[in-house]
């Protein structure tokens with residue numbers, strides 16, 4: 001018999017890629033089909049999101065002032081930018097770079113302007129994100145595969161597609177219950193949100 005604690009650890013490890021803002025499974029054929037079969041996103045949308053994120057991360061690394069400290073998440077063409085920069089011009093430049101990428105339907109810029117980079121926050125951010133993954137996977141009333149999460153300097157970012165408002169509220173509550181959380185930024189849309197139809201039309205026209 002496999003110990004219960006080992007089973008829980010394995011489940012969290014398997015779910016982490018889908019919940020961390022980096023959909024690694026979408027890049028590997030058959031696994032992508034299994035992963036996205038349970039998501040509200042189609043396999044094609046997941047692959048498009050991965051391509052957008054890869055291109056965006058590469059462009060940011062080539063842009064002075066944006067090479068480090070910027071986290072990106074992409075869900076159905078909706079881009080979320082988080083992190084810290086030194087001045088407002090760099091923050092605006094990050095938005096401009098995101099909009100240059102084909103397939104982007106919306107850009108949410110939550111980058112903070114500050115002279116404090118907070119490198120020591122990173123270990124705590126990782127611990128918080130893993131704790132949130134465990135909470136979402138362990139909550140049977142939440143379809144956790146539809147959510148991506150990130151934690152940057154103690155700020156929790158939620159993206160994905162919620163089944164209904166009650167489910168989204170539960171996800172937000174779990175995020176707020178984390179130790180050392182500064183605030184929770186919720187960018188989740190409901191599965192019947194017209195914004196999702198707009199993304200589908202954008203993809204079809206490309």
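The values are calculated or read from the model by the stated rules, or taken from the named source; none is laboratory data. Computed from a prediction, not measured in an experiment: that's the story for all the values here. A quick note on method: Cβ atoms are made from the backbone with ideal geometry, for glycine too, and the neighbour counts reach across all protein chains shown.
Laid out as a table, the results:
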item: Among the residues listed as 87, 146, the single one being within 19 Å of residue 186 (Cα to Cα) and out of contact with any helix residue (DSSP H, G or I) (no Cβ under 7 Å at 6 or more places or on another chain); result: 146
item: Given (1) in a helix (DSSP H, G or I); (2) buried (at least 20 other Cβ atoms within 10 Å of the Cβ); (3) modelled with pLDDT of 95 or more, index of the condition residue 196 fails; result: (3)
item: Filter pass, residue 184 being closer than 18 Å to residue 74 by Cβ and part of a strand (DSSP E or B); result: no
item: Hey, residue 2 at pLDDT below 85, more than 14 Å from the chain's Cα centre (by Cα), more than 20 Å from residue 191 (Cα to Cα) and surrounded by 15 or more Cβ atoms within 10 Å (Cβ to Cβ) or not; result: no
item: Residue within the stretch 150-166 that is assigned to a helix (DSSP H, G or I) and either more than 13 Å from the chain's Cα centre (by Cα) or under 21 Å from residue 39 (Cβ atoms) (or both) present; result: yes
